[in-house]
Amino acid sequence: MKTLKHLFDRNLAWANEIKKSDPDFFSQLSKQQAPEYLWIGCSDSRVPANQIVNLPPGEIFVHRNIANVVVHTDLNCLSVIHFAVEVLKVKHIIVCGHYGCGGIKAAMEDTDHGLIDNWLRHIKDVSRFNAQALEEAKPEDRQNLLCEFNVIEQVRNVCSTSVIQSAWKNGANLSVHGWVYSIENGIIKDLNTSMSSHEQLLEANSAH
Ligand code: CO
């Protein structure tokens, strides 16, 4: 008996459906990928990159982890960014967080979650950087506000990587954006934190 047979069945039906409307889809796509976007999002099953912007396979290069964190020394994330920028030449990097993020919620709690607490440390730092604004917000708004602050911080982290810094130095046409997605209504909000140059990063850093 095949393990997880229902998933293989679903896969076959999906591939057949695509081939019916576009017989060359897979043979064309198998020759190369040329996505314009790198998506850095949360691992949450409710926030699948391609589906929520309604793009087919081949259009988005994706990295996901708990609470869409870009850690300066995370070789996994840095390698994805490097490959996307240097080889695929993506034009846009999107950091997309989401309201109701379990990672953000856990980071706000003062309880033991085990191993993941080491990862959530980075979000606790974001919380500390924005302590005053969070303190002034209504308690019921704080979690979603931290989801937004986290995205803004991760956009800066992406921009600060050696990969993006050297791409900009070499004149690459590359923008980094911060979005937040609502799992309640399926709508993405732009946090207007986009950056496309080293100067913009310096400006943002001096403002805060
Ligand atoms: Co999440």
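Structure summary
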| read-out | value |
| --- | --- |
| Local electrostatic count at VAL158 - Lys and Arg +1, Asp and Glu -1, tallied over other residues with Cβ under 15 Å | 0 |
| Candidates per GluC sites (Glu not before Pro) in the range 112-208, loop by DSSP, up to 11 other Cβ within 10 Å | GLU184 |
| For the chain: relative contact order, % (alpha-carbon pairs under 8 angstrom, 6 or more apart) | 20 percent |
| DSSP-assigned coil residues among trypsin sites (Lys or Arg not before Pro) in the range 47-91, each with at most 16 further Cβ atoms within 10 Å | LYS89, LYS91 |
| Alpha carbon centroid spacing (whole Å) that separates the range 47-101 from the range 111-149 | 22 Å |
| Proximal charge balance of ALA15 [Cβ under 14 Å; K/R count +1, D/E count -1] | -1 |
| Net +/- balance of residues flanking ALA34 in space, Cβ distance below 15 Å, scoring K and R +1, D and E -1 | 0 |
| Cα shape, the range 34-207, gyration tensor, a/c 1.5 rule | prolate |
| Relative exposure of ARG142, ARG121, judged by other C-beta atoms within 10 Å (fewest first) | ARG121, ARG142 |
| Residue of ALA131, ALA15, ALA167 that the Gaussian network model of the chain assigns the largest fluctuation, springs spanning Cα pairs under 10 Å | ALA15 |
| Neighbour cut-off at most 10 other Cβ (10 Å), DSSP loop, trypsin sites (Lys or Arg not before Pro), the range 2-58 | LYS2 |
| Nearest-20 debye value, the chain charge dipole, Cβ charges on Lys, Arg, Asp, Glu | 720 debye |
| Sum of -39500 (n - 2.57) over DSSP H runs of 4+, divided by residues of the chain (222 nm, nearest 500) | -14000 deg cm²/dmol |
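Each reported figure results from applying straightforward, stated rules to the coordinates on display, with no laboratory input. Please read these numbers as outputs of a predicted model, since none were measured by experiment. Note: ideal-geometry Cβ built from the backbone for every residue, glycine included; neighbour counts use all protein chains shown.
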